[in-house]
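Taking it in order: structure first as structure tokens, then the write-up.
The values are calculated or read from the model by the stated rules, or taken from the named source; none is laboratory data. Bear in mind that the values here come from a model prediction, so they are computed numbers and not experimental data. Cβ placement follows ideal geometry from the backbone for every residue including glycine, while neighbour counts extend to all protein chains displayed.
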Amino acid sequence: MKKTVIFHPFLLAIFPIIFLFSHNVNNLYAEEIILPLLYAISGTFLIWIVLGFILKSRIKAGFVVSLGLIVFFSYGHIFMLLNTYFPIEDIKLDFLSYHLILFIPVLVLFALGSYYFIRTKRPLNNATKIVNFIAASLVVISLVGIGEYYITESYSLDQIQNIPKESSVQITESNNFPDVYYIILDAYAGSLSLQKMENYDNSDFLDFLSKKGFHIASESFSNYQGTRFSIPSTLHMNYIQNTVDIKNIDLNDGRALIEVSRDNPVFKNFKSKGYTIYSIESGSVHTTNMNNVDFRLCTNEDTASQSEFDSLLIETTIINPIQTKLFSDANREKILCGFSELFRMKNNNDTPKFVFAHIMLPHRPYVFGPTGEPIDSGSLALRDDGIHKWNVERYIGQLEFANLKMKGVIEKLTQVEEPSIIIIQSDHGMREGEYKNGYEFMLRNFNNFKAYYFPDEEKNVYFETTTPVNSFRILFNMLGDEYELLEDKAYVVSKKGDQLEDVTFALKKPNPELLD
Amino acid sequence: MVKISSRIKIQIAAISLLLPAFIISDAYAYLDPGSGSIVIQSIIGALVGVGIAIKVYWEKVKMKFYSIRK
């Protein structure tokens with residue numbers, strides 16, 4: 001008799017991971033899924049062997065394990081889909097009660113299914129064959145999607161950039177430069193939108209900065225409303241459509257933009273001036289693994305925190321209801337690490353340093369209260385997951401905590417013999433929340449935070465009124481370079497990601513007072 | 001009360017018309033769970049299963065029909 005090969009449990013174990021990768025292939029690197037795949041395969045193997053021993057049948061054990069895997073990996077998806085059609089807030093249930101209503105039937109189905117497979121006297125050889133094919137077809141469909149991306153849409157860096165790529169950085173100049181700190185507080189809104197949209201007065205922090213010698217750009221705007229465009233354009237000192245060849249590149253291809261961020265002229269220029277470069281990472285793919293960095297700090301490995309992919313994968317599993325309970329601490333530790341590293345930076349006389357810090361605050365997920373107390377918002381997602389809606393109190397809470405931590409950092413950084421250049425500039429506005437008209441939309445998305453501290457005030461020209469594409473042009477000019485300033489513009493990106501529309505006029509007028 | 005000039009009104013109208021096409025979600029580029037897609041993919045998988053089941057049990061089904069006709 002032909003022996004039945006049982007491989008469906010292993011395919012069903014890897015399918016959810018491969019599917020998630022396939023669905024987000026243009027924003028992920030393959031190495032992200034290696035560990036989850038290894039864990040899934042080895043865990044499945046172990047449980048299957050043990051269960052096979054207990055049930056004295058590997059075929060039966062295979063079915064019970066497969067059923068368990070389906071329940072484990074689909075629970076989060078079912079929860080999210082259910083919430084789309086029957087939102088928690090409409091049903092007026094709390095998060096855990098909603099989960100309980102779903103969890104009990106899922107558990108009962110699993111128990112009944114397992115009971116059937118354990119007790120049945122029927123040979124399950126044909127059923128194994130059928131389920132093997134189903135599982136294989138699921139994996140193959142996802143692999144085709146991944147293959148298609150790698151064949152048709154994966155670009156090399158040379159194809160992406162329409163500017164010449166320097167092969168190596170030549171260090172030519174002396175090191176008589178000040179230290180430079182560039183701190184990105186992700187989604188930190190400017191005071192204009194905080195006041196106008198949320199009636200929040202941030203003057204306590206602004207006054208603190210002013211007393212420390214900072215200038216605050218009161219009507220600052222970002223060039224784009226998303227990190228993936230803002231960061232590469234800032235670090236290329238140019239608009240993204242001038243930096244990447246948008247005729248050939250799909251702007252939806254996040255990986256192309258990540259590559260652009262990583263290989264940027266700002267870091268190269270600092271390097272060529274003899275700077276030591278520190279990159280304080282947030283975990284965001286847009287600022288991780290940057291090229292030309294001497295010291296990477298607060299990496300996912302350092303802080304034992306999850307990558308965005310790991311976090312999303314867990315969100316889709318049965319661990320969903322307790323994800324924040326299990327992983328919020330690591331998330332908080334990662335954010336605190338960023339502030340700690342800034343605080344620990346020493347004034348080193350040997351070489352000047354450029355510190356590039358990306359801190360995921362006050363951006364989602366909401367894990368801190370105003371004084372740093374841990375809070376559980378029920379989600380660790382960076383995106384609006386459709387379940388945990390915009391919550392201005394939580395956003396302001398994290399903003400106030402960012403203020404608190406930044407005060408400590410600023411106190412420390414300004415207490416040095418040789419003053420540093422410090423730029424605090426968010427990549428975009430608060431972005432979430434309701435808006436009644438186009439101008440309010442622009443305020444929520446583009447009104448970012450910008451404060452700067454220049455020791456040599458005479459050289460500070462135009463910084464207050466310019467947008468992030470010019471920030472490093474001005475800064476390098478202060479260090480002796482001669483960059484021309486670009487015209488300040490703002491762009492919205494179409495939903496398909498294939499168009500950029502100039503909406504600069506909407507930022508300048510109408511005056512918000514006119515809309516009162 | 002401050003009057004809104006007609007130029008500004010046109011600008012507001014222009015932005016409002018523009019917005020539906022440019023209100024983005026995808027452009028933020030956060031990873032997406034793809035819950036809808038996984039359901040569709042699972043349905044395709046189930047259809048494959050039905051096809052294989054028919055193939056596997058075809059002889060039995062045929063025999064059953066044959067015996068009924070007799």
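Quick notes on this structure:
- Some residue of the range A:85-99 being among the aromatic types (Phe, Trp, Tyr), within 18 Å of B:Val39 (Cβ to Cβ), touching a Leu at 6+ places or on another chain (Cβ under 9 Å) and not assigned by TED's automatic domain parsing to the domain that holds A:Thr288: no
- Out of A:Thr276, A:Thr243, one residue alone is more than 22 Å from A:Lys346 (Cα to Cα) and more than 16 Å from the chain's Cα centre (by Cα). It is A:Thr243.
- Within the range A:379-405, the set of residues being of a type outside the set (Val, Ile, Thr), out of contact with any Leu (no Cβ under 9 Å at 6 or more places or on another chain) and in a loop (DSSP other than H, G, I, E, B) comprises A:Ser379, A:Leu380, A:Asp384, A:Asp385, A:Gly386, A:His388, A:Lys389, A:Trp390, A:Asn391.
- Here B:Ile24 does not fit the description of being more than 28 Å from A:Gly254 (Cβ to Cβ), of a type outside the set (Gly, Ala, Ser) and at pLDDT below 50.
- Checking A:Asn445, A:Asn437 one by one, the residue that is within 12 Å of chain B (Cβ to nearest Cβ), of a type outside the set (Lys, Arg) and surrounded by fewer than 20 Cβ atoms within 10 Å (Cβ to Cβ) is A:Asn437 and no other.
- Note on the range A:104-133: among residues that are within 14 Å of chain B (Cβ to nearest Cβ) and in contact with a Leu (Cβ under 9 Å, 6 or more places away or on another chain), the one that is farthest from B:Tyr57 (Cα to Cα) is A:Asn132.
- Filtering the range A:104-133 to residues that are in a helix (DSSP H, G or I) and either under 15 Å from A:Thr4 (Cβ atoms) or at pLDDT below 90 (or both) leaves A:Phe117, A:Asn125, A:Asn126, A:Ala127, A:Thr128, A:Lys129, A:Ile130, A:Val131, A:Asn132, A:Phe133.
- Unmet criterion (only one of (1) over 21 Å from A:Tyr395 (Cβ atoms); (2) not in a loop (DSSP other than H, G, I, E, B)) for A:Met197: (1)
- A:Ser66 of a type in the set (Gly, Ala, Ser) and buried (at least 16 other Cβ atoms within 10 Å of the Cβ): yes
- Against the conditions (1) within 28 Å of A:Val503 (Cβ to Cβ); (2) away from chain B (no Cβ under 12 Å); (3) basic (Lys, Arg), A:Arg228 satisfies every one except (2).
- Filter result for the condition that a residue is crowded, with 17+ Cβ neighbours inside 10 Å, of a type in the set (A, V, I, L, M, F, W, C) and without any contact (Cβ under 8 Å) to a residue 24 or more places away in the chain, over A:Leu93, A:Leu51: A:Leu51
- Condition met for A:Leu413 (farther than 26 Å from A:Gln306 by Cα, in contact with a strand residue (DSSP E or B) (Cβ under 7 Å, 6 or more places away or on another chain) and not in a strand (DSSP E or B)): yes
- Members of the range A:454-490 that are at pLDDT 90 or above, touching a helix residue (DSSP H, G or I) at 6+ places or on another chain (Cβ under 6 Å) and surrounded by fewer than 16 Cβ atoms within 10 Å (Cβ to Cβ): A:Tyr483, A:Leu485
- Criterion applied to A:Arg262, A:Arg296 was being assigned by TED's automatic domain parsing to the domain that holds A:Leu185, in contact with a strand residue (DSSP E or B) (Cβ under 7 Å, 6 or more places away or on another chain) and surrounded by fewer than 22 Cβ atoms within 10 Å (Cβ to Cβ), and the one residue passing it is A:Arg296.
- Of all the numbered requirements in (1) touching a residue at least 60 places away in the same chain (Cβ under 8 Å); (2) surrounded by fewer than 21 Cβ atoms within 10 Å (Cβ to Cβ), A:Leu194 misses one, and that requirement is (2).
Yes/no matrix, rows are residues, columns are (1) outside any helix (DSSP H, G or I); (2) among the aliphatic types (A, V, I, L, M); (3) closer than 16 Å to A:Ala381 by Cα:
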| position | (1), (2), (3) |
| --- | --- |
| A:Leu257 | no, yes, no |
| A:Lys268 | no, no, no |
| A:Lys271 | no, no, no |
| A:Tyr278 | yes, no, no |
| A:Ser282 | yes, no, yes |
| A:Glu301 | no, no, no |
| A:Leu313 | no, yes, yes |
| A:Phe356 | yes, no, no |
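- Within the range A:382-396, restricting attention to residues that are within 14 Å of chain B (Cβ to nearest Cβ) and free of Cβ contacts under 8 Å to residues at least 40 places away in the same chain, the residue that is farthest from A:His363 (Cα to Cα) is A:His388.
- So A:Gly145, is it out of contact with any Cys (no Cβ under 9 Å at 6 or more places or on another chain), under 24 Å from A:Asp310 (Cβ atoms), within 14 Å of another protein chain (Cβ to nearest Cβ) and part of a helix (DSSP H, G or I): yes
- Restricting the range A:284-299 to residues that are of a type outside the set (Ser, Thr, Tyr) and not in a loop (DSSP other than H, G, I, E, B), the residue that is farthest from A:Asp385 (Cα to Cα): A:Phe295
- Those helices (runs of 4 or more DSSP H) of the range A:1-103 in which 1 or more residues are within 12 Å of chain B (Cβ to nearest Cβ) occupy A:8-23, A:58-85.
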